[in-house]
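Structure, as structure tokens:
The values are calculated or read from the model by the stated rules, or taken from the named source; none is laboratory data. What you see is a predicted model, and the numbers here were worked out from it, not measured in a lab. Here the Cβ positions follow ideal geometry from the backbone for every residue, glycine too, while neighbour counts run over all protein chains shown.
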Amino acid sequence: MPRFIFPTTVRRVTSGFRTAVRPNHHGIDLAASGTHQIFAVAEGRVTRSYTSSSYGECIMIVHQIKGQTWESVYAHLRTGSRRVAVGDNVRQGQVIGIMGATGRATGQHLHFELHRGRWNIRKSNAVNPLDYLEERESTGSGGTNTNRNATILSRQQRSRGEQVRKLQNKLLAVGQKLPRYGADGVFGAETEKAVKDFQTRRKIKVDGIVGPVTRNELDKVMPNYSRQLRNRRPYMRGYDVRAVQRVVKAKADQIYGPVTEEAVKEYQRKFNLQVDGIVGRETWGHMF
């Protein structure tokens with residue numbers, strides 16, 4: 001999973017991604033009064049730094065992460081606060097502007113978009129940023145980094161999003177059951193039960209909470225699969241095939257044949273991946 005940090009210290013979301021009320025709102029709004037710096041969510045190159053009637057003062061940054069192109073959008077910045085120009089290379093966490101209310105904005109806020117692929121006028125590549133943004137933690141030397149293991153996932157916290165979906169896929173891959181909802185990205189009662197069952201199997205504290213200990217146990221029993229899987233003769237076989245089959249809800253017979261290939265294609269369609277029936281770097285990365 002790409003590691004994107006939050007673009008501001010503000011966490012108050014005043015308008016979500018493609019909600020029932022605003023289905024054409026292709027990002028999130030983070031709002032607060034006062035002065036708030038805006039950060040680059042990941043290392044990248046500035047593709048736009050301009051003023052428009054809708055976005056107001058706006059910056060766009062393209063990112064290349066594990067072979068995947070992403071583009072982030074930072075809109076309604078304060079007048080004159082943009083600190084980067086087209087072509088500039090930026091580092092993750094670099095201050096690029098100040099939250100404002102320029103353009104078509106009601107009150108001060110950051111309108112932030114994340115696109116899996118390049119930005120386009122139809123916003124067809126837009127994804128929900130909250131599924132991808134991670135907190136930063138102190139490194140002890142005045143710097144910051146992202147650390148997924150620092151994030152606690154639990155039902156009590158109403159955890160949801162990309163990290164939960166990948167957790168659910170790992171649980172499925174190691175043989176836990178999620179019969180009703182599957183990997184839906186919501187940490188509900190079914191996921192909590194699967195976590196508790198896994199904790200019982202591994203003889204660790206059974207609390208249904210996914211912290212560093214439970215993650216480490218998952219990593220022990222979940223190999224770092226990377227072999228490219230495809231439908232060919234003779235059929236490819238193995239535990240990595242079974243892991244994929246459990247995620248895509250195909251018969252877990254460890255044989256990568258036509259049925260598994262079609263199930264993989266359906267998974268790829270569902271998550272807007274390249275639909276080729278091949279489990280390569282992109283699909284592996286999305287699953288786990």
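Here are the numbers for this structure:
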{"quantity": "Flag for Gly97 being more than 30 Å from Leu153 (Cα to Cα), touching an Asp or Glu at 6+ places or on another chain (Cβ under 9 Å) and not in a loop (DSSP other than H, G, I, E, B)", "calculated": "yes"}
{"quantity": "Pair list, Cβ under 6 Å, 6 or more apart: the stretch 223-234 residue of a type in the set (D, E, K, R), other residue modelled with pLDDT of 95 or more", "calculated": "Arg230/Ile278"}
{"quantity": "Index of the failed condition, Arg82 passing every other in (1) in contact (Cβ under 8 Å) with a residue 12 or more places away in the chain; (2) under 23 Å from the mean Cα position of the chain (by Cα)", "calculated": "(2)"}
{"quantity": "Given (1) under 26 Å from Leu153 (Cβ atoms); (2) β-branched (Val, Ile, Thr); (3) not in a loop (DSSP other than H, G, I, E, B), number of the condition Val206 does not satisfy", "calculated": "(3)"}
{"quantity": "Output for the stretch 137-184, where each listed residue is at pLDDT 85 or above, crowded, with 16+ Cβ neighbours inside 10 Å and hydroxyl-bearing (Ser, Thr, Tyr)", "calculated": "Ser154, Ser159"}
{"quantity": "Members of the stretch 98-136 found to be at pLDDT below 90 and among the hydrophobic types (A, V, I, L, M, F, W, C), listed by number", "calculated": "Leu130, Leu133"}
{"quantity": "Condition check for Val73: outside any loop (DSSP other than H, G, I, E, B) and in contact with a Cys (Cβ under 8 Å, 6 or more places away or on another chain)", "calculated": "yes"}
{"quantity": "Selection count, the stretch 239-261, where residues are closer than 23 Å to Gln68 by Cα and without any contact (Cβ under 8 Å) to a residue 40 or more places away in the chain", "calculated": "3"}
{"quantity": "Boolean, Asp88 is in contact (Cβ under 8 Å) with a residue 24 or more places away in the chain and in contact with a helix residue (DSSP H, G or I) (Cβ under 8 Å, 6 or more places away or on another chain)", "calculated": "no"}
{"quantity": "So Pro223, is it over 16 Å from Ala173 (Cβ atoms), of a type outside the set (S, T, N, Q) and surrounded by fewer than 19 Cβ atoms within 10 Å (Cβ to Cβ)", "calculated": "no"}
{"quantity": "Selection status of Ala75, in the same structural domain as Arg45 (by TED's automatic domain parsing), surrounded by 15 or more Cβ atoms within 10 Å (Cβ to Cβ) and at pLDDT 95 or above", "calculated": "yes"}
{"quantity": "Residue check, Asn216 loosely packed, with under 15 Cβ neighbours inside 10 Å and outside the structural domain of Asp131 (by TED's automatic domain parsing)", "calculated": "yes"}
{"quantity": "Residue check for Glu43: touching a Phe, Trp or Tyr at 6+ places or on another chain (Cβ under 9 Å), touching a residue at least 24 places away in the same chain (Cβ under 8 Å) and among the charged types (D, E, K, R)", "calculated": "no"}
